[in-house]
Amino acid sequence: MGLDLEAIYTDLHRHPELSFQETRTAGVIAAKLEELGVPFQEGIGKTGIAARIDNGDGPVVWLRADTDGLPVAEQTGLAYASTARGTDPAGNDVPVMHACGHDMHVTAMLGAVERLVATKSEWSGTVVVVFQPAEEYGAGAQAMIADGVLDRFPKPDVVLGQHVTPLPTGVVGVRPGTQMAASDGLTVTLHGRGGHGSRPHSTIDPIVMAAATVMRLQTIVSREIDPRDVAVVTVGSIHAGLKNNIIPAEATLELSLRYPDDAARDRVLEKVDRIVRAEAAASGAEEPTIVTVHTLPPTINDDEATARVTDALRRAFGEDSVLDPGMFTGSEDVSWFARESGASLVYWFWGGVDPQRFADASAAGTLERDIPTNHSPYFAPVLQPTLDRGVENLVVAAREFLGVVQ
Ligand code: ZN
Ligand code: ZN
C-alpha cells in the first residue's frame, strides 16, 4: 500500500496554516515520512522538516517544498475548500487558504520521496528533502539555515524546487538565469508634528508628506529606470491619522520593491532612500525612519543544471512540455539554500490549469481575467494530472543528477 496522495492533498488543502505556524502540516509530513521509513529532523527553523535518503556514493541532491498558507478567504467552491482561521502576527483573526498551492508542493514532494525510496536499486547518492515553512514571509529558508540545516545534512551539489502556477497542466516553465526577481520589503515612517486640524501652520503634516512621497516614488520606474530594464515600486500600505480634526504625528508606508539583480537593487534602493529623505526635508520634517523588513535574493537558475533538467523533462514528457516563461517579478526564498552552500539551483513552474480552459481563455484574450493566479481566493489547481506531474517532475529532475546504477 502506497501513500494516498490525493487524500493527503485534500486534507492539507482543508487545513492550511499561516507562516511559521505550520505545526499540523509538519505533523502530517512527519507521519508520512515515518510510514516510508525515511529518517528526518523536525522543528528546524521553527516548523521546518528535513529528511534524507542515503543511497551510497554519489551526488547530493536537495529537493525543497514550501509549506505555508495565506490569509485569504477561499472562494473556490471546491468540496475540499478551506474554512480555516488563523491568527496573524498582529493578533488578528484571519481566514487561511492554500492560495499559493504550497499544499500541492508538499504532496508532490511526499510522492517523490516514496518513488525515490521505491527505486533505490536504480540510483545512487543522497537525497535531502526540505519542507520549508514561511516562504510567504520570505523568512523560512533563512530560519532553517540559521538553525543549521546546511550543517545537519550533507551539503547540496544541486538544489531543486518547483511551484504550481497558472500554466496548462503538462507544461513546465523554466529558464536559465534569472527566473524570479529579487525583492525587498521596506517600512517607511515619516515623522511630522501633530496638532489641531484647524491650525495646520503649527504642525508638520505627515499625510501631505506621505502623499507627496507616494507620488514621487512612482517616478523611479517611469523616469529613472531604463525602459528596457525591469523594476517594480509598489506602496502596498499607507497608514496615518485617526480623526478629521487631528493632524497626526506620523505616517507609515509599506513598500514592495522588485528587480532582476543585485545591481538594479542597489540603484532602486538608493533612489527610494533619496526621495523619501528629500520629501521629508521639503516638509521641514526630521529624518524619516526606513526599515528593511525582508530581503529576497533573485532566483537565478544555473545555466548548465537548468539545461539538464530541461532536457530530462523533454525526454520524459515531450519536446513541447517545457517552455521559457520569462522572468517573473514575484520572488522566492528557495535560492538561499543554493547561495549559502555554493550549489547550483534549478527552480521551475508547473501547470495546474485545465488545458482546454486555458486554451479558451487564451483564444478569447481573457487569461488575466479568467484564470486565477496564485494568491487569488479562486486559485485552485486541478488535482490531476497536476499532482502526478508534480511528483514526476521532481523524480525526473532528481534522477538526472543522481548516479545511475547499471
Ligand atoms: Zn505565494
Ligand atoms: Zn508560493
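The values are calculated or read from the model by the stated rules, or taken from the named source; none is laboratory data. Since we're looking at a predicted model, the values are computed, not measured. Neighbour counts run over all protein chains shown; Cβ positions are idealised from the backbone, glycine included. With ligands, DNA and RNA removed, areas are computed over all heavy atoms of the protein, side chains included. Shrake-Rupley method; radii C 1.70, N 1.55, O 1.52, S 1.80 Å.
Observations on the model:
- Taking a straight Cα-Cα cut-off under 24 Å and skipping sequence neighbours fewer than 8 places away in the same chain, the lysines within cross-link reach of LYS46 are LYS32, LYS155.
- Near-label residues of the stretch 117-142 by backbone N, under 16 Å of a point 7 Å along Cα→Cβ of ALA30: 131-133
- Of the GluC sites (Glu not before Pro) found in the stretch 296-361, no site is in coil according to DSSP while having at most 16 other Cβ atoms within 10 Å of its Cβ.
- Highest-first arrangement of 393-401, 247-255, where packing means the average Cβ count within 10 Å: 393-401, 247-255
- Sites GLU270 and ILE238, calculated FRET efficiency, Cβ-Cβ separation with R0 22 Å, nearest 0.05: 0.50
- Relative contact order for the stretch 182-295: 44 percent, from Cα pairs under 8 Å spaced at least 6 residues apart, divided by residue count.
- Check: the chain dipole with +1 on Lys, Arg Cβ and -1 on Asp, Glu Cβ, in debye: 740 debye
- Distance between the modelled labels on VAL94 and ALA263, one decimal in nanometres: 3.7 nm (7 Å Cα→Cβ projection).
- Semi-axes of the equivalent ellipsoid for the chain, Cα gyration tensor, largest first, Å: 41, 22, 22
- Global dimensions of the stretch 202-265 from alpha-carbon coordinates: Rg and Dmax equal 15.0, 46 Å.
- Extension gain, ALA316 back to VAL117 (0.36 nm per residue minus Cα-Cα distance, nm): 69.7 nm
- Modelled label positions at VAL291 and VAL382, each set 7 Å beyond Cα in the direction of Cβ, lie 4.6 nm from each other.
- Under the criterion of Cα pairs below 8 Å and six or more residues apart, the relative contact order for the chain equals 24 percent.
- Rounded tilt (10° steps) of 5-14 against the dominant C-alpha axis of the chain: 20 degrees
- A simple spin-label model places pseudo-atoms 7 Å from Cα toward Cβ; at GLN356 and ASP4 they are separated by 2.9 nm.
- Percent carbon-and-sulfur accessible area, the stretch 182-295, ignoring ligands, DNA and RNA, probe 1.4 Å: 54 percent
- Gyration tensor analysis over the Cα atoms of the stretch 255-384 returns equivalent ellipsoid semi-axes of 37, 23, 12 Å (largest first, whole Å).
- Adding -39500 (n - 2.57) for every DSSP H run of four residues or longer, then dividing by how many residues the chain holds, sets the calculated 222 nm ellipticity at -11000 deg cm²/dmol.
- Rg/Rh (Cα only; Kirkwood hydrodynamic radius) as it applies to the stretch 52-200: 1.11
- Extension gain from THR373 to ASP303, taking 0.36 nm per residue of separation minus the Cα-Cα distance: 22.4 nm
- Å² of accessible area per residue within the stretch 182-295, as computed with a 1.4 Å probe and no ligands counted: 54 Å²
- Against the main long axis of the alpha-carbon atoms of the chain, helix 383-401 sits at an angle near 70°.
- Degrees, to the nearest 10: 23-36 long Cα axis against longest axis of the chain: 10 degrees
- Whole-angstrom gap from the stretch 62-105 to the stretch 153-227, using each part's C-alpha centre: 23 Å
- All distinct Cα pairs of the stretch 182-295 go into the 1/r average, and the inverse of that average, the Kirkwood radius, is 14.6 Å.
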